[in-house]
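The values are calculated or read from the model by the stated rules, or taken from the named source; none is laboratory data. Please read all numbers here as calculations on a predicted model, not as lab measurements. Here the Cβ is made from the backbone with ideal geometry for all residues, glycine too, and neighbour counts use every protein chain on show. What goes into the accessible areas is simple: the full protein's heavy atoms, side chains included, and nothing from ligands, DNA or RNA. Shrake-Rupley method; radii C 1.70, N 1.55, O 1.52, S 1.80 Å.
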Amino acid sequence: MSEVEDYTGRTGRNETREEQLDRNWAELLQELRVLQTGVQILAGFLLTLPFQSRFEDLDDFQVTLYLANVVVAALTTAFILLPVSVHRRLFRKRLKETLVSSADSITKIALSGIALLSAGTAALVFDVTAGRQAGLTAGGALMAVMVVLLVYVPIHLNRKADAGKLDRKL
């Protein structure tokens, strides 16, 4: 069951299934645009680092963390672009439901990548500027906050909404 449907399959909107899929697709594209900007900023920041004079002072752990962040940034960018590629392949094949469903899953993976990239970048910056323990602490703390914000909060809000639906039915 879609998150926007109630238990009877109605969306609460006066729209056909095709209109709903078109709206869901447009909303997903807008979300991907927002994600893309954030990843581009972080990736751009990372790509400038090797050209800084202090980069050669990084130890092996820091270089490895840096390279891991670059890989995560590239993969996250690929996941953000993937729905567009899927759309090109499925265009005019009347597979909008498949497109929207796959784009939803892909966007969740991209969100995970952004969480990992944010935590990894913070860990690197803190490690270089304040030491290894500060880097590990900052990276771990930011990852924990990201899990709460990106996983727990949506689940909690969904449960709260479902409980409200049950209360209204009683």
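Points worth noting:
- Lysine pairs within the chain, Cα separation less than 29 Å, 8 or more sequence positions apart or different chains: 6
- Placing unit charges on the Cβ atoms of the charged side chains and taking the dipole of the chain about its Cα centre, the candidate lying farthest along the positive direction among 163, 151, 112 is 163.
- Estimated distance in nm for a label pair at residue 59 and residue 40, the labels positioned 7 Å out from Cα along Cα-to-Cβ: 3.7
- Computed with every protein chain present, the accessible area of residue 71 is close to 80 Å² [probe 1.4 Å].
- Hydrophobic long helices, here whole DSSP H runs in the chain with Kyte-Doolittle means of at least 0.0 and Cα atoms spread over 30 Å or more along the helix axis, are found at 60-90, 96-130.
- For the set 17, 92, 159, the ranking by accessible area, highest first and with no ligand, DNA or RNA atoms included, is 92, 159, 17 under a 1.4 Å probe.
- With the simple model of a label 7 Å out from the Cα in the direction of the Cβ, residue 17 to residue 108 spans 2.1 nm.
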